[in-house]
Each structure stands twice: as C-alpha cells, then as structure tokens.
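Structure, as structure tokens:
FYI, it's all coordinate maths here, none of it is from the lab. In this text the structure is predicted, and so the values were computed from the model without any measurement. We place every Cβ from the backbone using ideal geometry, glycine too, and count neighbours over all the protein chains shown.
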Amino acid sequence: MRRGSQQQRITSGTPNGTPWLGSVAKYLVLGIFAALVLYPLLLIVSTSLKDPLDVTANPFSLFTSVRFTNYLDAWTLGGFGGYFWNTIVVTVVTLIGVLTLSTLAGYALARFHLPGESIIFFTFILGLMIPFFSVMIPLFYELRDLGLLGSKAAVILPAIAGAHGFGLPLGVFLMRSFYMDLPEELADAARVDGAGEFAVFWRVMLPLSAPGVAVLAVLVFFQTWNNFVLALLYLPGTENQMLATGLYLFASGRTQDTELAAAGSLIMVLPVVIFFLMFQRQFIRGLTAGAFM
Amino acid sequence: MQTRTEGAAAQVPRQKRGVIGRFANMSALRRQQAYYAILFILPGLAVYLIFMVYPFLNTIYLSLTNWNGVAETKDWVGLSNYARMFGDGAVLKSFYNNVIWVILGTILPVVIGLFLALILWSGARASLLFRTLFFLPFILPLVVVGIVWQWLYNPLFGPVNKILDSVGLDQLSRGWLGDSNTALYAVLVAGIWGTFGFVVVVLLAALQNVDVSTVEAAMLDGANWFQRARHIIIPQIGPQLTMVTSITLIGDFSVFDLIFVMTGGGPGHASEVLATYTYKAAFVQNQAGYGSALAVLITVLSFVSAVVFVRLRERQR
C-alpha cells in the first residue's frame, strides 16, 4: 500500500504541480479504452437477450428487450448444443493427449540418458516454428486417406501434434525445462527405496510438476476451444462440427437470426471467460514462458 | 544394438548428473533408463512425426508438383509454382496486405498496450480490474470477435456509422467491410482490439521490476512524463517489450481467422492475405501444388521474421 502511493507520487503528475490534470487525463484514457472493450462485449450479451422483432427494429441498441428463450433456441434449433458437446469432447481428449505425451517425453528428455536425445528434442522444438499453413494441405489428404476426415480425430490428432501451435512441441519444451529444474536427489531417494523408473516418474516427479502441467493445460484448453481453422478444414460434415465453425456457418448462413448468433457466441465464450477468471495466473505465465525460448 | 547404445551413452560425460555416479550399478541403471526413455518418448514422437513433420515435408514436395488434389499422379514441375507466384497479382496484393498487417498490427497494439500499462503502473485505482477488462478480448475466439465487429461495421444499422452520423461526419460513413479502400483496415482495427490487452498484461508484469529510485531521480532532475517513460522506464522493460513484439509479429504472417470470417479476403482481393489466398488456391480451386508453394512462402516469411527478431533481441542483451 505504502509502495503504491510512493509510486504514484513518483510516476504521475508533472514536477511543476497540477497533478490533478494528469490524473483526469489518466482516467479519461483508461475510461475510453474500457468503453471500447466493453461495448462490443455488451452488444453480444444484449443482442442475445433480444426479441427477434426488436432486433429488426433496433438492431444494435443495448438492452431494449429481454428474453431468455434465445439461448434455448440457439441450443436446440441453432444446433449449438451439439457443437458444444463436440467441442468439449475434442478439447478434453486433446488435453489428455497433450498432457500425457508431453509429460512423458519431457521427463525422459530431461532426466534419462538416451543417445540422440538432443536430436529428438530439436525435432520437437522445430514444430514451434512451423505455422499451421505449412502442414494444412498435405494433412487434409493424409487424414482423408486414413479415413479420419470429418471425425473428431481429424482435429484431435493434429492438435496434439501441434498443428494449432499449442500441442506437443510447446508441451515437450515446457515440461522438459520444468523437469530439468526439479532436484534429482528426490528421484534418487525413491530409487534407493526400490522404486522402478516408472514409479519414480508417476509417484515422485509428476506430482511435483503439477504447476507446470497446470500452465500447459490452461494454454491447450484455450487454443483448442477457440480453434477455428482445424475444424473448418477437417470437419467438412455437420455431424462433428465444433462451436467455432458452427458459429461461423450460422452467422454467415442465409438465415439472419442475429439474436441466435449472439446467443451462440455467448454459449461459446462463457466457458472461456469463466476458465480465464479461474486460471488467469497460469494463463499469463504460460503465454510468457512459451515465448522465452 | 543394445551394447552399442550403452557404449555411446557411456562415452558422453555428464557432470551435471554426477549424483548417479555414486551408484555401483551405474551401467545397469543407464541401460534401464535408455529403455524407459524410448518407451516414454515414442508415443509422442510418433504422433508428432505423423501429423506434423510428415505433412510439413510433404508440403515442400507438393510445392514442386502441379497436383490438383485428385489425380493419381503428381507431375514434377520443378520451381515453376514459385515462378508463377511472382506474376500472380493476387499474391502480390496478399503480400502487400500482409506487410501492412504485420507493421500496423504489431506497432499499434504494442504502442497502445505500452501506453496503457504505463498509466496503470503509475498507480491508477482499480488497476487490476482494468487489466482484466483489457485482457478479455484477447481470450475471445476470433470467430466471435469477427462476428461482433461485423455488426459494428454494418452499413445501415452499425454503431460505427451511427456515431459518425451523429457527430456530423456522415460523409465518412460507408460499408466499411465492403469498400475495397477500407476493408483491410477495418479488419485490422478488430485485430488490434483483440491483441492490445495481451501487451498490457505482459508489460504491466514487467513494470513491477522497474527500479523506482531511478524514476525518482529523473523526476528530481525535471524530466517530464514522456521523458521519464522513454529514457528511464522503457529501457528497463526492454526484454519483455521485445518479447511481446515478437509474438505479435510472428503470428501476423499467418493471420487468417479474422479476415476469413469478416471479409473472406474481399471485396475482390482487397483484404486478401497469403493465408486466405493459400486456402482458396488449395481447397477452392483445388491447386494443391500451387497452394503448397504459397504455404512454403508463408513458412519462410514467418521464419525470417523470427530470425530477424531473435537477432534484435540478442543485440539488446
């Protein structure tokens, strides 16, 4: 508290007085940007609550009518209920896949002696620099030939492999550096007690790496839930459509049910916002850690 | 095979892990560890090789063919797809748009984000609340960002034109996304709206480590707000500033979602970027070969910008 007031004195205002002027300008700027952020968000919420007739009369004025049945209609008639479950399944399976495979590989690369391990690690890291577009085309035909196109696996497997940027390459990188920082003595103590290598990993090291796993999990969740282009390309049918593509098809389709598009947007956004408010710290830590290569 | 493996491992001195050396049965442990290492790494490596590395190499191969995605045979055409790119007006337009996006889409969020982070750091009330609020657009799915900004730009009812009309600037109002002069910039504004909060959050975290006494000294010397920011504060958050710049910069060469959702690259090719054009070439016009060459171009550009950036960072250190 004391530090805050000291900081305020030092960094705000001008040396020649009139600090209130600086303060007014400060809150004016913050207020303008807050309004710029808030207005579009409120617009989604307000439109999702509007009567269809009111949407045609006052399309973009805030909160002119309130009804909750739009969510029900979006869920059933708009098909967002199905998209929602598909998105959950894809996200959860991708999460399990990335977390399992990258803790295992990251641990092995950090702790075990394997000839050629640096080549393997470098191969994984290379994936951080491959943008999705440089695998997009052959991957389509590969998935088609494997008979996976249109199934959930067509999004899950590329996502785990790192096609959307937050898969194994990032996971192996993060987990390896996390395991490198853990003291080896703990593992040795367990070995002296007769634990096998898998037990050392599972009972000792994995629980210790929980904070790192949490950071990775939060990043993978956001990226998979929000991902658009994987579903756009590899889920051409409607049966397994995810929220991002379902929403896009709905909003760009011929029926201009704006209030249902808004309700669908909210159905997609709400879990993300709740998740973010719960895991803000992990999310920010992960984003910055991933960048410090 | 096993003895060779073990021998190779034994030749490599590992001083960091000297603790293990205390065990009498070291070689047995190492052999066991190598076996476990393979077991632990193989599943992840397999998925990664099959769904990332193999298609990546395949893109390079396809870019040298004229495959249409259907035919049994893939005819080798050498570098002619690459030669074709330079004569393709749409590619040049896309590249130009990409460069604009990279420059403005990097500079503006960083400048806005830095400015807001400095304001919040200088002791604003409710700075946590503002920070969370500014960050919200960044976590939204880009599809949702695109849809809501489409509403804002709606030519007839959209709030953007309404506001312009109400302040007497009605000659400026237009169909922002349908006008080829403004389409790209209109999408870019939505993109900046979605990224500046990320810069705020990272830089605000960095600012917590700034040495307040140096700022105080500058203030006693009569330095004003901008002088203090430019000469005292910003140099101390250099690494984080470079980092956020690099993240936005590298992602900008593969920008796709927002443009695809909001304009589809149109009208004409007015807001086309390399990623949307690659998508169209490969999946609308079924030119898998040409599309792959375009994909290689995106990869090279992203890679070059990453390398340039790492160089810049090294110079800072």
Exercise for the section: Compute log10 of I(q)/I(0) for the protein assembly as shown with the Debye formula, placing one identical point scatterer on every Cα and leaving out solvent, at q = 0.07, 0.10, 0.12 Å⁻¹, to two decimals. Expected result: -0.50, -0.99, -1.33
Handout entry: Amide hydrogen neighbours beyond the local backbone of residue B:65, cut-off 5 Å, H modeled
Key = B:77
Handout entry: Cα→Cβ-extended label distance, 7 Å offset, between residue A:24 and residue B:211, nm
Key = 3.7 nm
Exercise for the section: Count charges around residue B:148 for me, please; just the other residues with Cβ under 15 Å from its Cβ, Lys/Arg as +1, Asp/Glu as -1. Expected result: -1
Practice task
Grab the other residues whose beta carbon is less than 14 angstrom from that of residue B:267, score K and R as +1, D and E as -1, and report the net.
Solution key: 0
Fill in the blank from the handout: Put in order of increasing Cβ neighbours within 10 Å, starting from the fewest, B:85, A:268 give B:85, A:268
Practice task
For residue B:226 paired with residue B:128, estimate the spin-label separation in nm (one decimal), with each label point 7 Å from Cα along the Cα-to-Cβ line.
Solution key: 3.4 nm
Fill in the blank from the handout: Diffing the range A:214-223: the Karplus 3J(HN,Hα) column from phi (6.51, -1.76, 1.60, θ = phi - 60°), in whole Hz with x for Gly and Pro, holds 5, 4, 4, 4, 5, 4, 5, 4, 4, 5
Handout entry: Per principal axis, descending, Cα span of chain A in whole Å
Key = 73, 68, 35
Exercise for the section: Among B:121, A:202, rank each residue by its count of other Cβ atoms within 10 Å, from fewest to most, as a rough exposure measure. Expected result: A:202, B:121
Completion exercise
Expressed as a whole number, the average count of other chain Cβ atoms within 10 Å around the Cβ atoms of B:196-205 is 2
Exercise for the section: Tell me the label-point distance for the pair residue B:310, residue B:96, using the 7 Å Cα-to-Cβ offset, in nm and rounded to one decimal. Expected result: 3.3 nm
Completion exercise
Per the helix-only model, the protein assembly as shown has a calculated mean residue ellipticity at 222 nm (DSSP H runs of ≥4, -39500 (n - 2.57) each, divided over all residues, rounded to the nearest 500) of -21500 deg cm²/dmol
Fill in the blank from the handout: Contact order relative to length for chain A, counting C-alpha pairs under 8 Å separated by 6 or more residues, stands in percent at 27 percent
Completion exercise
Env charge @ residue B:201, Cβ radius under 12 Å, K,R +1 / D,E -1, value +3
